[in-house]
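Engineer: Here it is, the structure, as structure tokens.
The values are calculated or read from the model by the stated rules, or taken from the named source; none is laboratory data. Note that the structure is predicted; figures quoted are calculated from it, not measured. So basically every Cβ, Gly included, is an ideal-geometry build from the backbone, and we count neighbours across all protein chains shown. Accessible surface is based on the protein model in full, side chains and every heavy atom, while ligands, DNA and RNA are left aside. Shrake-Rupley method; radii C 1.70, N 1.55, O 1.52, S 1.80 Å.
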Amino acid sequence: MRLTTYSDYALRVLMYLALKSDGLSTIAAIAESYDISEAHLMKVVHQLGVAGYIETVRGRGGGLRLAKPVEAISLAEVIRTTEPDMAVVSCLKPVNASCTINPSCVLKRALKRAQDAFMEVLEGYTLADLVAPRARLAGLLGIPQGTSPQ
């Protein structure tokens, strides 16, 4: 399985905001910390806002912050939001393409079980787990120390 860059960026944004719990952050600051495109992050931030993971404050002094506690943000839930097509092969949902051997295909069954196991593992993690090494992650991202956990 391979997640898209979009999902990777979504998780990075959420992690950054979890680490920067003392105030608002900007897309520019997040992009600079990770050395990624602001344009890509704008799309990601918009979807995270629509999904209710982050809230945006407009105007002078505005920015982004988490809309939920870190413990309430499930890694599997975020991936389901950012990866609407998790089909490993085209015969799995949501694609459900027809296939000649579908009625007796063991491969489809095996890949479905693998996909389910992947998501089951992600169900066991929250955003709080991802940012557990707080001080080290904050240092690597250039987030000032002394930020308090949410």
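Engineer: In square angstrom, rounded to the nearest 10, how much accessible surface does residue 108 have for a 1.4 Å probe?
Structural biologist: Result for residue 108: roughly 50 Å² accessible.
Engineer: Summing Lys, Arg as +1 and Asp, Glu as -1, what charge do residues with Cβ under 10 Å from the Cβ of residue 143 carry, residue 143 excluded?
Structural biologist: The answer is +1.
Engineer: In nm, to one decimal, how far is the modelled label at residue 121 from the one at residue 88, with both set 7 Å along Cα→Cβ?
Structural biologist: In this crude spin-label approximation the distance works out to 1.1 nm.
Engineer: Highest GNM mean-square fluctuation, the chain, Cα pairs closer than 10 Å: which of 100, 56, 126?
Structural biologist: Top of the fluctuation ranking is 100.
Engineer: Provide the gained length on full extension for the span residue 109 to residue 58, in nm with one decimal, where the gain is 0.36 nm per separating residue minus the Cα-Cα distance.
Structural biologist: On the way: separation 51, 0.36 × 51 = 18.36 nm, distance 4.79 nm.
That works out to 13.6 nm of additional length.
Engineer: Hey, can you rank 110-116, 58-64 by average C-beta count inside 10 Å, highest first?
Structural biologist: The packing order, highest mean first, is 110-116, 58-64.
Engineer: Which of the helices in the chain meet the span-like rule: DSSP H, Cα axial reach of 30 Å or more, Kyte-Doolittle mean at least 0.0? Kindly include the intermediate steps, with their values, before the conclusion.
Structural biologist: Details: long enough: none.
Passing helices, by number: none.
Engineer: Hey, if you put +1 on the Cβ of every Lys and Arg and -1 on every Asp and Glu Cβ in the chain, which of 53, 13, 88 ends up farthest toward the positive end of that dipole?
Structural biologist: Going by the Cα projections, it comes out as 88.
Engineer: Okay, moving on. Any chance you could list the semi-axes, whole Å, largest first, of the equivalent ellipsoid that the Cα gyration tensor gives for region 1-131, using √(5λ)?
Structural biologist: Ellipsoid semi-axes (Å, largest first): 34, 15, 11.
Engineer: Under a GNM of the chain (C-alpha, springs under 10 Å), which listed residue has the highest mean-square fluctuation: 73, 27, 101?
Structural biologist: Largest GNM mean-square fluctuation: 101.
Engineer: At what distance in nm do the modelled label points of residue 40 and residue 71 sit from each other, each positioned 7 Å from its Cα along Cα→Cβ?
Structural biologist: In this crude label model, residue 40 to residue 71 measures out at 3.4 nm.
Engineer: Would you tally the net charge around residue 74, using a Cβ to Cβ cut-off of less than 13 Å, leaving residue 74 out, and scoring K and R as +1, D and E as -1?
Structural biologist: Result for the neighbourhood of residue 74: -3.
Engineer: With an 8 Å cut-off on Cα pairs and a minimum separation of 6 or more residues, tell me the relative contact order of the chain in percent.
Structural biologist: Across the chain, relative contact order equals 32 percent.
Engineer: So, one more: Report the percentage of all Cα-Cα pairs in region 67-136 whose separation exceeds 13 Å, rounded to a whole percent.
Structural biologist: Cα-Cα pairs of region 67-136 separated by over 13 Å account for 71 percent.
Engineer: For residue 19, what charge total do you get from the other residues with a beta carbon under 11 Å from its beta carbon, if Lys and Arg give +1 and Asp and Glu give -1?
Structural biologist: +3
Engineer: Run the quick spin-label model on residue 101 and residue 8: label points 7 Å from Cα toward the beta carbon, then report their separation in nm to one decimal.
Structural biologist: 3.2 nm
Engineer: Let me ask something else about it. Which residue, 88, 131, 44, tops the fluctuation ranking in a GNM of the chain built on C-alpha contacts under 10 Å?
Structural biologist: 88
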